[in-house]
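The values are calculated or read from the model by the stated rules, or taken from the named source; none is laboratory data. The structure presented is a predicted model; accordingly, all values stated were derived computationally and were not measured. Cβ sites come from the backbone with ideal geometry, for glycine too, and all protein chains shown count toward neighbours.
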Amino acid sequence: MHVPIYTADRQIWRNGQLGEGARLIPEETAIALTYNGGTYAVMMGTPQDLPDFAIGFSLSEGIVQSSEEIETLEIVELDDGIELRMWLKSSSAELVNERRRYIAGPTGCGICGVESIAEAVRPAAVVPKGRIFTPSEIIAAMVSIAVLQQINIQTRATHAAAFWTPAHGIVALREDVGRHNALDKLAGALAQAAIPAADGMVLLTSRISVEMVQKTAAIGAPLMVAVSAPTALAVRTAEAAGITLAAIARSDGFEIFTHPERIAVAQATGVAEATHVA
């Protein structure tokens, strides 16, 4: 059975002395996503919350428009990895057969194996207007993530994606060694719980690249917040998708890159200088 955390023996060189002991580290496993008997993608990820990953990946990739289009899902553990075997309704099966490609996805890869530049930078879905958020809500939401990252608390080596609502706080959080996988798992969890995304925010412990914006748009969340900076293409994509993108979030504040109208920040005088250091 594949487990998400592995105990590794190691030697430690600190302060001029050699020691030894065990350390908990996250597992990394080949995960194949198959549809109607054919492999669509093979991603490297953490073997946890796999039904969420299967459903979220299917939604993010546009293979299905609803989790109900997946008739059956079977998790098959193999010696060298895991297969997530899905059987789709006939209409979805025809679409996936047209689009099928074999993708070898490294841990840090979000859109590996796409067949064209246009596919890689495809426009994201336009999100609904949603609600207005306050700075204190955003900061409190980001601060609340750390204590819920059970794998990262033990290993210090995984990303998290979470969803926060004003009524319930963090309603779902998923972890993975791959930031894209964590967001796909979150998408699957939200879909299975039928949680509407329009009134909440996606929280990320990673940088924001274009595919992270595309996945957030597929979820339908109007606001995404991350601890690291976005790429230029991510900013342009978020602007076009109607997503409010806040990044470089710390306990004392954050930076807003797109659609600031969703965040109730009082107007202040002064202009911040550009900086190369987050």
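Which number in (1) touching a Pro at 6+ places or on another chain (Cβ under 7 Å); (2) modelled with pLDDT under 90 marks the one condition that Ser90 misses?
(1)
So Ile63 clears everything in (1) under 21 Å from the mean Cα position of the chain (by Cα); (2) at pLDDT 95 or above except one condition, right? Which one?
(2)
Go over the candidates Ala125, Ala172, Ala157 one by one and state the one that is more than 19 Å from Ala54 (Cβ to Cβ) and touching a strand residue (DSSP E or B) at 6+ places or on another chain (Cβ under 9 Å). Steps first, please.
Working: Ala125 fails: touching a strand residue (DSSP E or B) at 6+ places or on another chain (Cβ under 9 Å); Ala172 fails: more than 19 Å from Ala54 (Cβ to Cβ).
Result: Ala157 is the single residue among Ala125, Ala172, Ala157 that is more than 19 Å from Ala54 (Cβ to Cβ) and touching a strand residue (DSSP E or B) at 6+ places or on another chain (Cβ under 9 Å).
Could you run through region 202-238 and say how many residues are closer than 20 Å to Gln65 by Cβ and hydrophobic (A, V, I, L, M, F, W, C)? Lay out the reasoning, then the answer.
Going through region 202-238, the residues closer than 20 Å to Gln65 by Cβ turn out to be 202, 211, 213-222.
Keeping just the survivors that are hydrophobic (A, V, I, L, M, F, W, C) gives 202, 213, 217-219, 221.
Residues in region 202-238 being closer than 20 Å to Gln65 by Cβ and hydrophobic (A, V, I, L, M, F, W, C): 6 in total.
Among the numbered conditions (1) surrounded by 24 or more Cβ atoms within 10 Å (Cβ to Cβ); (2) in contact with a Pro (Cβ under 6 Å, 6 or more places away or on another chain), tell me where Asp184 comes up short.
(2)
Could we say that Leu173 is assigned by TED's automatic domain parsing to the domain that holds Ser209, assigned to a helix (DSSP H, G or I) and either touching a helix residue (DSSP H, G or I) at 6+ places or on another chain (Cβ under 6 Å) or crowded, with 23+ Cβ neighbours inside 10 Å (or both) here?
Taking the combined requirement at face value, the residue does not satisfy it.
Considering (1) over 18 Å from Gln192 (Cβ atoms); (2) surrounded by fewer than 21 Cβ atoms within 10 Å (Cβ to Cβ), say which one Thr46 fails and leave the rest.
Result: Thr46 passes all but (2).
What are the residues in region 49-77 that are surrounded by 16 or more Cβ atoms within 10 Å (Cβ to Cβ) and aliphatic (A, V, I, L, M), if any? Give the steps one after another, and end with the answer.
Kept after step one, since they are surrounded by 16 or more Cβ atoms within 10 Å (Cβ to Cβ), are these residues of region 49-77: 49-61, 63-64, 67, 69-70.
Answer for region 49-77, where residues must be surrounded by 16 or more Cβ atoms within 10 Å (Cβ to Cβ) and aliphatic (A, V, I, L, M): Leu50, Ala54, Ile55, Leu59, Ile63, Val64, Ile70.
If you go through region 2-43, how many residues are more than 27 Å from Gln150 (Cβ to Cβ), surrounded by 10 or more Cβ atoms within 10 Å (Cβ to Cβ) and either of a type in the set (A, V, I, L, M) or more than 23 Å from the chain's Cα centre (by Cα) (or both)?
Total meeting the criteria: 2.
Within region 152-160, identify whether any single residue is out of contact with any Cys (no Cβ under 6 Å at 6 or more places or on another chain), at pLDDT 95 or above, crowded, with 24+ Cβ neighbours inside 10 Å and assigned to a loop (DSSP other than H, G, I, E, B), and answer yes or no.
yes
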